[in-house]
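Undergrad: First, the structure itself, so that you have it in front of you.
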Amino acid sequence: MGKLKVFEVVFNDEDPLYRAGDLVSGHVRLLLSEPKDAVRGICIKFKGYSKTYWKEKETSGVDESERTRSVTYLSKEFYFHEQLIILGKDETATDGNAAKIVLHAGEHLFPFSFRIPIKPLPHPFEGFYGQVRYKVTAKIDRPAKSHYKTQTLFCIIGAGIDLNTKPDSQIPSIGEDEKSVCCMCCVTGPIKVSAQTNKSGYVPGEFIWVSGVIQNQSSREVIDVTAKLVQTVICVARREVSGRPHTRSQVRVISKVKCEGCDEYSKVSFSRKPLLIPSCPPSGLIACGLIDIQYHVKFDADIGRTPLDTYIYLPITIGTVPRSSSNAVWSPRNGEVITQQPSATARQLQLVARYESSCEGPQSIPNKYGYTFGKLMFAPKYPMYNFSLPDPDNEPPCTCRPDQILFNL
């Protein structure tokens, strides 16, 4: 790396986690083994944006004139974009002496500060077809030579969902499915599966209590039922940047739990199985016009000796502020544990949430610059709560009527 040994952006805050209106401050640090001349200036850019991108194959013509080409789908949405000159001048300078700056050997620190706009901002997000990123990029501008660039990302506490404002979040999500299977060309009785969650609105750190009933009137065994928390990310981008919009979806399971199955011609129920919600972005990804995030609990009943399984999809909402009556053990950002349930407003509850890295873990951020020290890895952070896990022996059992599939907790 020659004379330049270190080139990095350092935040003053140990945990670079900010809200709209906060002041972001820090410094750009350079370490030179020898003097570096012909520097025009050093600038730093602050960007908040979302981007969706993918390629698709398109075929046109027929027979011998048929052609296939790759088509780009791309859209961007900016939330802020500001540049600050911290040394010298920028590349638009026409002064002949603008490139006369000499940086001596040793360490150089250039402070900066930037005020995040007061406006609704989405949470950061890293997906396969789309991302929301908040980035600081520093550049050493050298006329007629390759520029040096480095970048780092930070987290924004974005617009969220307060479940105290959504009374429907307390209503259970309920569904059922029925499947008839054949055995040696003879149709046996159906397999009926019903399932439900204890409510439909949650926050990360909370448990989804899932229950269900299987009525197996067939000669096939139901091996087990898997309850999965599924995240669906829907990205919108335009063909060749300005053409017609198109969507791509990414589906991933972020949590799951196994439930009991049953033998042929039998019945079984499972009650209040805990499905933990890990650190993840809220439903909708509010304030982002290019990416939508949806959640549902999928029940998959594995029927033996056939690929014809039964499926139930129960939509849920993942918010950022829990209902004030939730059974939670709150932890503020400094790590101090509060053992008693506070009497607090929704705003106070939001302040005591801790922020944890996404359950997906650190993601590799592509480096479009030719000069960055080390591989850039980043994991978005989301509000997370500590919820005590109740003793299932003290919980009310699932009840159901023999003549019905649906049941109540």
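Undergrad: May I ask you to derive the FRET efficiency for residue 375 and residue 37 from their Cβ-Cβ distance with R0 = 30 Å, giving the value to the nearest 0.05?
TA: That pair, residue 375 with residue 37, gives E of 0.50.
Undergrad: Based on Cβ point charges of +1 for Lys and Arg and -1 for Asp and Glu, what charge dipole magnitude is obtained for the range 1-91 about its Cα centre, in debye rounded to the nearest 20?
TA: Once rounded to the nearest 20, the dipole reads 280 debye.
Undergrad: Determine, from the Cβ-Cβ distance of residue 144 and residue 85 and an R0 of 25 Å, the FRET efficiency 1/(1 + (r/R0)^6), rounded to the nearest 0.05.
TA: Result of the calculation: an efficiency of 0.80.
Undergrad: Let me ask something additional. Quick one: grab the alpha carbon gyration tensor of the range 208-322, order the square roots of its eigenvalues as a ≥ b ≥ c, and give me rounded if a/c is under 1.5, else prolate or oblate depending on whether a/b is larger than b/c.
TA: It comes out oblate by the Cα gyration axes.
Undergrad: For the range 1-159, what D do you get in µm² per second when you plug the Kirkwood radius from alpha-carbon pairs into Stokes-Einstein at 10 °C and 1.306 mPa s? Can you show the working numbers first?
TA: Values: Rh = 18.3 Å.
So the translational diffusion coefficient is about 87 µm²/s.
Undergrad: How many nm separate the modelled label positions at residue 260 and residue 13, each set 7 Å beyond the Cα in the direction of the Cβ?
TA: 4.9
Undergrad: Continuing with this model, one more query. Find which of 230, 250, 262 sits farthest along the positive direction of the dipole of the range 214-264, computed with +1 on the beta-carbon of Lys and Arg, -1 on that of Asp and Glu, about the Cα centre.
TA: Sorting the options by dipole projection puts first 250.
Undergrad: Sticking with this structure for a sec: Mind checking the dipole of the range 159-313: about its Cα centre, +1 per Lys or Arg Cβ, -1 per Asp or Glu Cβ, Debye to the nearest 20?
TA: 420
Undergrad: Next question, about the same structure. Return a whole-number percent for the relative contact order of the range 1-86, with Cα pairs under 8 Å and 6 or more residues apart as the contact set.
TA: Dividing the mean separation by the residue count of the range 1-86 yields 28 percent.
Undergrad: What's the FRET efficiency of residue 171 with residue 58 using the Cβ-Cβ distance as r and R₀ = 45 Å, to the nearest 0.05?
TA: Values: r = 44 Å, r/R0 = 0.99.
Calculated value: 0.50.
Undergrad: Which lysines have a Cα lying under 29 Å from the Cα of residue 258, excluding residues fewer than 8 positions away in the same chain?
TA: 179, 192, 199, 228, 267, 273, 298, 381
Every number in this text was worked out from the coordinates using simple rules, so none of it is lab data. What you see is a predicted model; the values in this text were computed from it and never measured. Methodologically, a virtual Cβ is constructed for each residue, glycine included, from the backbone with ideal geometry; neighbour enumeration extends over all protein chains shown.
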